[in-house]
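Have a look at the structure below before the remarks.
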Amino acid sequence: MSETILVPGGAGFLGSHLCDRLVAAGHEVIALDDFSSGERAHVAQLADARRFRLLRHDITQPLPREAVAATQIYNLACPASPPHYQARPVQTTLTSVLGLWHLLELSRQSGARVFQASTSEVYGDPQVHPQTEDYVGHVNPIGPRSCYDEGKRCGEAMCFAYHRQYAVPIRVARIFNSYGPRLRPGDGRVVSNFIVQALTGQALTVYGHGEQTRSFCYVDDTVEGLIRLMNGPSEGPLNIGNPVEHTVLELAERVVRLTGSRSAIECRPLPQDDPQRRRPDISRTEAVLGWRPKVSLEDGLRETIAHFRHELGVARTFAVA
Ligand code: NAD
Ligand code: UDP
């Protein structure tokens, strides 16, 4: 059945891939974005699609009247890269809380189902490994990451408050590190940093000694998980991530190998409160949604590297060893 779907953050990395999928499935899509970390070019391929509209809008402001038509809302609006969300911590907090409040209030009037893109960051620097949805987390409430972590935790709390008090239909996903084409060269997250550095002959900047771990999920798998969660039976929260865990140093070495780069790998200071390990337990997600990631890190990195070669106009100058 065709729906009218609002996608705040629709010009961002995940949002633009989601819009592609929703339009291809025959839905009417209205993307809202303030272009603080997204860009029109990410959805340029949809510019001629009659079923797609992109409105410049900051969700901390009252919503445009077009939003009332939506039967589903995927809230992806929020900077996700640590350097970006820490550069404007007040705006990050307000987007996570006040912006979401506008969407939940809209849903209270219209009955639209609200999907909230929450994050593995709600687990902070976890003391339980791997992380299950029952783990309540270990977050520094006043550290440099708190604008994002606590903003997202408050977002989850507010979704469940609206659900309990007003029966607003909600879906909450805890997304773990996702990567793929359309990450911006200046995004600042580890996968894009390493690939850009490797392709341009700069040293790869490993923070700390690179012993910290992450579990990287390819964007197509992530988006499939988000759509299944929105249309599935559970409010969540459900972990959406790839349970294969790697150290950051392993990632750097793999990127150097796959790009054929001669770049060195250099250690830099570890940022404050950087989580030491992160891996999703996805058994609940698998049981409820029948979802698990399909794309290996090797294949996903190859696709992402090809995207960056094109973006940066870097020819295949390095011989693959
Ligand atoms: P992104 O920065 O590429 O996209 C965020 C988009 O939201 C951008 O287009 C930005 O311009 C827009 N935006 C920010 N503040 C806004 C506001 N006030 N009003 C309107 N638009 C606004 O990041 P992403 O990786 O695509 O992440 C999308 C969502 O998924 C975020 O909510 C993020 O917290 C969540 N998430 C992502 C990951 C990941 O690995 N990509 C992991 C966990 C959670
Ligand atoms: N990181 C790194 N070098 C970089 C960028 C990030 O070593 O140039 C590390 C960072 O310290 C963290 C991991 O890579 O341990 C993932 O960082 P990212 O910013 O991608 O996301 P996070 O999971 O921290 O939100």
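Every read-out reported here was derived from the displayed coordinates using simple, explicitly stated rules and does not represent laboratory data. As the structure is a prediction and not an experimental result, all values here were calculated from the model. Here the Cβ positions follow ideal geometry from the backbone for every residue, glycine too, while neighbour counts run over all protein chains shown.
Miscellaneous remarks
- Set of the range 267-309 residues, backbone N closer than 20 Å to the point 7 Å along the Cα-Cβ line of HIS138: 270-282
- Taking θ as phi - 60° and the Karplus parameters 6.51, -1.76 and 1.60, the scalar couplings of the range 175-191 work out to 8, 9, 2, 10, 8, x, x, 5, 4, 7, x, x, 4, x, 7, 5, 5 Hz in sequence order, x denoting glycine and proline.
- Acute angle (nearest 10 degrees) that the helix 13-24 long axis makes with the longest principal axis of the chain, alpha-carbon atoms: 60 degrees
- Here the Kirkwood formula puts the hydrodynamic radius of the range 5-117 at 13.9 Å, using every distinct Cα pair.
- The chain - convex hull of alpha carbons, volume per residue in Å³: 123 Å³
- Taking other Cβ atoms within 10 Å as a rough exposure proxy, PHE52, PHE35 sort from fewest to most as PHE35, PHE52.
- Report summary: the helix-based calculation at 222 nm, which adds -39500 (n - 2.57) for every DSSP H run with n ≥ 4 and divides by the residues of the chain, gives -11000 deg cm²/dmol.
- Annotation: for a label point projected 7 angstrom from Cα along Cα→Cβ of SER110, residues of the range 37-53 with backbone N closer than 19 Å are 50-53.
- Angle in degrees between helix 248-259 and the longest Cα principal axis of the chain, rounded to the nearest 10: 70 degrees
- Estimated FRET transfer efficiency when R0 is 41 angstrom, pair ARG56-ARG257 (beta carbons, to 0.05): 0.50
- Overall shape: prolate for the range 147-296, with the ratio a/c of the largest to smallest alpha carbon gyration tensor axis at 1.5 or above and a/b above b/c.
- Backbone HN-Hα couplings from phi across the range 105-118 [Karplus 6.51/-1.76/1.60, Hz, Gly and Pro as x]: 5, 4, 5, 4, 7, 9, x, 4, 7, 9, 9, 10, 7, 8
- Amide H contacts of GLY188 (H built 1.01 Å from N, under 5 Å, at least 5 apart or other chain): ASN193
- Residues whose amide H falls under 5 Å from that of ALA77, counting only those 5 or more places apart or on a different chain, are GLY9, with hydrogens built in the peptide plane.
- Against the chain, whose longest principal axis comes from its Cα atoms, helix 146-166 is set at around 30 degrees.
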